Amino acid sequence: MIDDKNDSVKELLTRHLAGETSVDEAEQVHAWLDQKPENEQYYNDLRKVFDLSQQHYARQSHQDLDINIDAEWNQFVNQISKPEGKSVTMPAPERQSASTWYRVAAAAIILIVSGFALNYFLNRETDIQYQTADSTQEVVLPDGSHVTLNRYSRLALTSSFGKEKRTLTLTGEGFFDVAHDKSKPFIINTKSTRVEVVGTSFNVRAYDSLEKVEVTVQTGIVKFAVPQLNQEVKLVAGEKGIYAKENSKVESKVNDDANFISWNTQKIVFNENSLQSVIETLSKTYHVNIVLSADVPASCVVTVTFDHQSLDAVLHVLESTLNLKYIVNGNRIEITSAGC
């Protein structure tokens, strides 16, 4: 378990935001977030500053690919210190090969400590961002559309949202219930895909760590595209679009997963589902890593409904009905045997 917000925690959190942590370190971060609401708020603030810092360097690198990192760092610090007439003192930079990321991480740490800089940076941007940690969040957009963000997800839109188009960016997973407006298409950009609708309800699962991006339609019609590959499929209610990153292929299929939004509804229905598929659903719904290390016959199926029950309650039901034995180790649950 990591300690309170000391320097080592700040370093770990910034590396986690940059995707540089190991599996064990990521579990430490998630456990730390679970400790108290203040930790989650601190993480969200750090995430905002981290993103803004990245945007600063992204803009500079587009202007000049032969970037002088030390010079840009000094310019960045001077820029954020002007509004309040204050300065931020940094040790002299080391003259060695360094990546922009380390500067961004350092900027995030300094800004999160300096309240004046944090407020300046957050208030000067017109982007609206919604960020979740270890909980879901319901959002009502300016056009009246409703979005539920899954855990560890982020939704961003600009102040121009709804003027001509309704464009936003998603990282993670969200369920969208879009207000109908034929004159203003509703567009969701992920890291590699694009979803366009007029008014419908659907789920987008687009975590960077996953090998696939999935769009599952509940009502209406959705265009699901990968612009770089010039591929697009049209999806109707009851269908799922899948973009496989490994083979760069977009396809559509009938959605056979009744629990595709169980993370949102907290209702799970199993009807003679295999134990393996049950594990996959529970892993996605509760954000845990459940593994099956026992040999289980194909006849081992599950028929049960859960409605707003905790993971512990679900496991106890499966334990009693299937004679399961399992070991819990942090965020990992290993099923060692099944009596069915």
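Just so you know, all these numbers are worked out from the coordinates, no wet-lab data involved. None of these values were measured; they are calculated from a predicted model. Note that we place each Cβ from the backbone using ideal geometry, even for glycine, and neighbour counts take in every protein chain shown.
Observations
- Contact order relative to length of region 149-251, as percent, for alpha carbon pairs under 8 angstrom and 6 or more apart: 19
- Taking amide hydrogens as placed 1.01 Å from N in the peptide plane, the amide H of A179 sits under 5 Å from those of S145, H146, each at least 5 positions away in sequence or on another chain.
- Note on region 217-321: Lys pairs 8 or more places apart or on different chains, Cα atoms under 27 Å apart, count 20.
- Qualifying trypsin sites (Lys or Arg not before Pro) in region 168-197, where qualification requires a DSSP coil assignment and no more than 14 other C-beta atoms within 10 Å, comprise K182, K191.
- Sparse-neighbourhood loop sites, GluC sites (Glu not before Pro) in region 131-228 - DSSP loop, at most 10 other Cβ within 10 angstrom: E164, E211
- 3J(HN,Hα) from dihedral phi, region 242-254, Karplus parametrisation 6.51/-1.76/1.60, rounded to Hz, x for glycine, proline: 10, 10, 8, 5, 5, 9, 6, 10, 10, 9, 10, 7, 5
- Likely footprinting exposure, L170, L12, L155, fewest C-beta neighbours within 10 Å first: L12, L155, L170
- Amide hydrogen proximity for K267: with H placed 1.01 Å from N in the peptide plane, the residues at 5 or more positions away or on another chain lying under 5 Å are H308.
- Debye log10 I(q)/I(0) at q = 0.13, 0.18, 0.21 Å⁻¹ for region 266-337, Cα point scatterers: -0.32, -0.65, -0.92
- Taken about its Cα centre, region 266-337 carries a charge dipole of about 120 debye when Lys and Arg each add +1 at the Cβ and Asp and Glu each add -1 at the Cβ.
- In percent, rounded to a whole number, the relative contact order of region 266-337 is 39, using alpha-carbon pairs under 8 Å and six or more apart.
- Inverse mean reciprocal Cα-Cα distance (Kirkwood Rh) of region 128-254, Å: 14.4
- As a proxy for reagent exposure, V314, V29 were ordered by neighbouring Cβ count within 10 angstrom, fewest first; the result is V314, V29.
- Computed from backbone phi with θ = phi - 60° and the Karplus coefficients 6.51, -1.76 and 1.60, the 3J(HN,Hα) list for region 154-169 is 9, 10, 10, 8, 9, 5, 8, 3, x, 6, 10, 10, 10, 10, 8, 10 Hz; x is used for glycine and proline.
- Residue by residue, region 15-32 carries 3J(HN,Hα) couplings of 5, 5, 5, 7, x, 9, 8, 6, 4, 4, 5, 4, 5, 4, 4, 5, 5, 5 Hz when phi is fed to the Karplus relation 6.51 cos²θ - 1.76 cosθ + 1.60 (θ = phi - 60°); x denotes Gly or Pro.
- Taking V250, V195 and counting other C-beta atoms within 10 Å, the order from fewest to most: V250, V195
- Annotation: peptides 142-148, 275-281, ranked by per-residue average of other Cβ atoms within 10 Å with the highest first, follow the order 275-281, 142-148.
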